[in-house]
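Engineer: This structure is in structure tokens; I'll ask about it shortly.
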Amino acid sequence: MANDNQIAFLCSRLKELREKNGCTMDDMAKKIDVLEGLKPGTGMNKSSISRVEGGKTAEKTLLEMARKYCKVFGMSESQTEQFLRGEKVAVPDTSALLKNSQLIDELNKEYSKVVIPKVVVDELDNIKNKNSGSLGRKAWEVIRGISYGSRTILMEYNGDADEDNEDCKIIYIAQEASDTYHCKVDIITEDTDYSAYLKGHESVSALHLREYMATKQDLINMTKLARIDAYYADSYEECEEPTADEVNAYLQDGNTLIISAVRNNRVTIEQRKEKIKWLIQLGADVNKRDCSRRYFPALSHAVQMKDYEMFMFLLLECKANPNVGSRNPFDAGKVRQKNEGNMPLMIAAWEGKKDFVIALCEDERTSINQQDANGFTALMKACMNGHFENNKEKHTWDIRKILIDAGADQKIVDIDGKTAADWVSEYHESGPTRKQFNRGSNKNSQKRGNRRW
């Protein structure tokens with residue numbers, strides 16, 4: 001470790017662990033005494049704990065105490081190693097970031113630093129420019145989501161100019177990070193086998209994304225979770241049941257089991273509904289957001305999928321909360337960048353999905369005038385994207401009228417002081433917002449403060 005920032009990071013993690021378990025410093029001292037076979041109060045004391053959590057002990061002592069903290073709270077060996085990731089640096093590769101575009105946020109929660117290889121950013125940029133479909137959009141979302149700072153660092157490749165193997169370049173950067181920060185490094189990967197290239201790099205190891213997700217969630221068996229995710233039938237009596245922790249766990253792609261069922265249009269709607277009801281009976285949270293792309297709950301995913309039957313099933317039968325908006329659970333500092341607070345009604349209004357908007361407006365629970373982090377209401381989003389008149393040729397509906405009839409406030413202003421009427425005027429002047437601010441435009445990014453629509 002031997003790095004002041006990393007030591008401070010581990011100290012803060014120890015304090016957080018103790019406090020989350022409702023333990024005072026005095027209590028902690030007594031628990032450690034018991035762990036070591038001593039009479040409570042005869043060995044450690046409050047001052048000892050304060051010195052550890054304040055970073056006033058030797059590094060070796062800090063690490064020894066960290067392991068004792070983990071034992072006191074019943075952590076397994078693998079969970080302890082997970083907790084001690086604070087000693088390490090994470091280096092995600094392209095495959096892992098494309099699989100889970102919010103991975104950097106998650107890694108920052110456990111690792112002292114996350115190093116982003118410049119070769120990975122270049123590869124993502126190349127994918128973004130050459131692919132107009134979902135792969136290109138994912139690459140763009142990853143690039144836009146990176147916030148460099150003291151713990152998320154961009155690192156150039158300074159090795160052999162003749163090296164053309166991207167994996168070797170990533171390993172070189174990982175080794176540089178290890179040498180710079182005096183710690184071990186985990187390369188987080190989805191589909192690359194680094195084992196052949198890692199010989200001789202004792203401080204660098206590869207961690208498969210599935211293994212990372214498993215230890216991150218304290219899950220022992222991600223393979224079991226994958227089996228449950230893949231299982232569809234008319235009845236789920238024969239399916240192995242997930243535990244209380246597993247039923248709300250994140251899959252490898254960052255979705256929950258419920259969200260995965262919502263998005264799986266390769267299976268009949270009846271089987272998907274039965275699975276979701278079964279999962280809810282076992283304790284699954286129908287409102288839990290994904291941690292993969294936009295932090296949406298299942299209801300918002302149904303809107304995105306244009307699956308009205310699934311949407312109504314979630315809203316009425318499963319009692320999904322229509323006011324659960326997108327929210328980044330890993331970094332509150334990225335509110336505006338990630339468009340936090342984007343609710344199902346806003347998504348439906350933005351896309352001009354009339355039936356979805358009507359259903360949400362008719363639900364007495366729906367907050368019609370809720371604003372997202374940019375100050376946008378559903379009414380504004382409908383107006384900025386041209387959904388303020390019925391036009392069969394343009395395939396648009398007068399979503400504005402539906403919302404106003406439901407009680408939408410036309411006087412609300414966004415963070416730039418614009419009303420819904422102002423957005424109608426801007427639409428007439430410049431066209432749809434989705435065209436004004438399309439991805440890849442530096443001018444547009446600067447104009448809207450790097451917001452995500």
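Engineer: Scan segment 287-328 for residues that are under 15 Å from Gly254 (Cα atoms) and among the aliphatic types (A, V, I, L, M) and report the count.
Structural biologist: 1
Engineer: Restricting to segment 349-387, give me the number of residues that are hydrophobic (A, V, I, L, M, F, W, C) and closer than 19 Å to His428 by Cα.
Structural biologist: 9
Engineer: Can you name the number of the only condition in (1) farther than 19 Å from Gly325 by Cα; (2) in contact with a Cys (Cβ under 8 Å, 6 or more places away or on another chain); (3) among the aliphatic types (A, V, I, L, M) that Ile399 fails?
Structural biologist: (2)
Engineer: Follow-up. Among the residues of segment 343-362, what is the count of those that are farther than 12 Å from Lys381 by Cβ, out of contact with any Ser or Thr (no Cβ under 7 Å at 6 or more places or on another chain) and crowded, with 24+ Cβ neighbours inside 10 Å?
Structural biologist: 1
Residues are listed down the side, and each one gets a yes or a no for (1) more than 16 Å from Ile153 (Cβ to Cβ); (2) in contact with a Ser or Thr (Cβ under 8 Å, 6 or more places away or on another chain); (3) of a type outside the set (Gly, Ala, Ser):
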position: Ser48; (1), (2), (3): yes, no, no
position: Leu62; (1), (2), (3): yes, no, yes
position: Met65; (1), (2), (3): yes, yes, yes
position: Cys70; (1), (2), (3): yes, yes, yes
position: Ser76; (1), (2), (3): yes, no, no
position: Ala90; (1), (2), (3): no, no, no
position: Lys118; (1), (2), (3): no, no, yes
position: Ser134; (1), (2), (3): yes, no, no
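Engineer: Filter segment 367-399 for residues that are buried (at least 22 other Cβ atoms within 10 Å of the Cβ) and of a type in the set (Lys, Arg) and give the result.
Structural biologist: Lys381
Engineer: Looking at segment 381-392, can you tell me whether even one residue there is outside any loop (DSSP other than H, G, I, E, B), in contact with a helix residue (DSSP H, G or I) (Cβ under 7 Å, 6 or more places away or on another chain) and of a type in the set (Lys, Arg)?
Structural biologist: Yes: one or more hits.
Engineer: Sort out for me the helices (runs of 4 or more DSSP H) sitting completely within segment 91-171 that have 3 or more residues that are within 28 Å of Leu14 (Cα to Cα) and either without any contact (Cβ under 8 Å) to a residue 12 or more places away in the chain or within 18 Å of the chain's Cα centre (by Cα) (or both).
Structural biologist: 103-110
Engineer: Are any of the residues in segment 225-235 out of contact with any Lys or Arg (no Cβ under 9 Å at 6 or more places or on another chain), basic (Lys, Arg) and at pLDDT below 90?
Structural biologist: no
Engineer: Something else: Checking Thr377 against (1) more than 18 Å from Pro297 (Cα to Cα); (2) at pLDDT 95 or above; (3) touching a Pro at 6+ places or on another chain (Cβ under 9 Å), which test does it fail?
Structural biologist: Tallying (1) more than 18 Å from Pro297 (Cα to Cα); (2) at pLDDT 95 or above; (3) touching a Pro at 6+ places or on another chain (Cβ under 9 Å), Thr377 fails exactly one: (3).
Engineer: Next question. Within segment 407-423, track down each residue that is buried (at least 18 other Cβ atoms within 10 Å of the Cβ) and in contact with a helix residue (DSSP H, G or I) (Cβ under 7 Å, 6 or more places away or on another chain).
Structural biologist: Ala408, Asp414, Ala420, Trp423
Engineer: Considering Gly37, Gly55, which residue is of a type outside the set (S, T, N, Q), on the phi > 0 side of the Ramachandran plot and surrounded by fewer than 16 Cβ atoms within 10 Å (Cβ to Cβ)?
Structural biologist: Gly37
Engineer: Would you confirm, using the coordinates I've provided, whether Lys88 is touching a residue at least 24 places away in the same chain (Cβ under 8 Å) and either surrounded by 23 or more Cβ atoms within 10 Å (Cβ to Cβ) or more than 19 Å from the chain's Cα centre (by Cα) (or both)?
Structural biologist: The answer is yes for Lys88.
Engineer: So, one more: Looking at segment 363-385 only, could you name the residues that are without any contact (Cβ under 8 Å) to a residue 40 or more places away in the chain and under 17 Å from Arg400 (Cβ atoms)?
Structural biologist: Phe376, Ala378, Lys381, Ala382
Engineer: Another question, if that's okay. Mind checking whether some residue in segment 180-196 is under 30 Å from Ala320 (Cβ atoms), in contact (Cβ under 8 Å) with a residue 60 or more places away in the chain and assigned by the TED database to the domain that holds Glu106?
Structural biologist: no
Engineer: Take the residues of segment 427-453 that are at pLDDT 50 or above and closer than 21 Å to Val357 by Cβ: which is surrounded by the most Cβ atoms within 10 Å (Cβ to Cβ)?
Structural biologist: For segment 427-453, the residue satisfying everything is Thr433.
Engineer: Can you tell me which residue among Glu110, Glu123, Glu106 is assigned by the TED database to the domain that holds Arg210, surrounded by 15 or more Cβ atoms within 10 Å (Cβ to Cβ), touching a Cys at 6+ places or on another chain (Cβ under 7 Å) and under 30 Å from Ile171 (Cβ atoms)?
Structural biologist: From the options Glu110, Glu123, Glu106, the qualifying one is Glu106.
Engineer: Something else: Within segment 218-324, which helices (runs of 4 or more DSSP H) (wholly inside it) include 2 or more residues that are among the aromatic types (Phe, Trp, Tyr) and buried (at least 21 other Cβ atoms within 10 Å of the Cβ)?
Structural biologist: none
Engineer: Under the condition of being in a loop (DSSP other than H, G, I, E, B) and modelled with pLDDT of 85 or more, which residue from segment 1-29 is nearest to the chain's Cα centre (by Cα)?
Structural biologist: Among those residues, the one meeting the criterion is Cys23.
Engineer: Can you go through Ile32, Ile49 and tell me which one is in a helix (DSSP H, G or I), at pLDDT 95 or above and more than 17 Å from Thr80 (Cβ to Cβ)?
Structural biologist: After applying the criteria, what remains is Ile49.
The values are calculated or read from the model by the stated rules, or taken from the named source; none is laboratory data. Quantities reported herein were computed from a predicted structural model and do not represent experimental measurements. Glycine gets a Cβ as well: all are built from the backbone with ideal geometry, and neighbour counts include every protein chain shown.
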